[in-house]
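Chemist: Structure below; questions to follow.
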Amino acid sequence: MYKILTKCLCINEEIKINDDINMFENCTGDNVPWLSLNGITCQCKVVDVYDADTVTIVLPFNNELYRVKCRLLGIDSAEKRTKNLDEKKVALEATEWLSVLIKDKVIWVKCGNWGKYGGRMLGTLYMSEDEMEQDRSINLQIVDKGFAYTYDGKKKRKFEDWYNKKNPIQ
């Protein structure tokens, strides 16, 4: 008989489950929710910047540290994997800008649900608790710099339709 001992993240109190494997007896894929970090706000460390809207963060969960791919909520940036050389150039500039800003730094994340393309948690990043209270997200700073546009998760816009060539990125 297995005993499971775990610590509850939210109340930091030990919870003992004395049932053995029978706890799985009535579970199906339909009656058990997916794991979600939605609603959790915590500090994290950025360990990789893939592009201007996808980073890898390390965050605490259940008294352990875990890596999580994070898709920045509410924005879509230029793509690195494209045949459009202008878009690729902007994507590389955006990645470099974001890397300088947050890579290897401890920042804040407001966790959302998992993205529709799988494997990535949606999140809003902040440099500090003060910026979070003022709702000055890194996500929107990327848009303000011209590296991305606001995105609602539906149809993506073509690079040529949102990137303003008359006001190039500074």
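The values are calculated or read from the model by the stated rules, or taken from the named source; none is laboratory data. These numbers were taken from a predicted model, which means no experiment stands behind them. For neighbour counting, all protein chains shown are included, and Cβ atoms are generated from backbone atoms with ideal geometry for every residue, glycine included.
Chemist: I want to confirm something. Restricting to segment 75-89 and keeping residues that are touching a residue at least 24 places away in the same chain (Cβ under 8 Å) and within 21 Å of the chain's Cα centre (by Cα), which single residue is farthest from K145 (Cα to Cα)? Reasoning before the result, please.
Modeler: Filtering segment 75-89 for residues touching a residue at least 24 places away in the same chain (Cβ under 8 Å) gives 75-80, 82, 84, 86-87.
Those still in the list that are within 21 Å of the chain's Cα centre (by Cα) too: 75-80.
Working: I75: 12, D76: 13, S77: 11, A78: 12, E79: 16, K80: 17 Å.
That would be K80.
Chemist: Among residues belonging to segment 1-37 that are within 30 Å of T95 (Cβ to Cβ) and surrounded by 12 or more Cβ atoms within 10 Å (Cβ to Cβ), point out the one that is modelled with the highest pLDDT.
Modeler: L37
Chemist: Related question: Checking the structure you have, find out if any residue of segment 43-54 is surrounded by 10 or more Cβ atoms within 10 Å (Cβ to Cβ), modelled with pLDDT of 85 or more and in a loop (DSSP other than H, G, I, E, B).
Modeler: Taking every residue of segment 43-54 in turn, at least one turns out to be surrounded by 10 or more Cβ atoms within 10 Å (Cβ to Cβ), modelled with pLDDT of 85 or more and in a loop (DSSP other than H, G, I, E, B).
Chemist: Next question. Of all residues in segment 19-65, count the ones that are of a type in the set (F, W, Y) and in contact with a helix residue (DSSP H, G or I) (Cβ under 9 Å, 6 or more places away or on another chain).
Modeler: The qualifying residues number 1.
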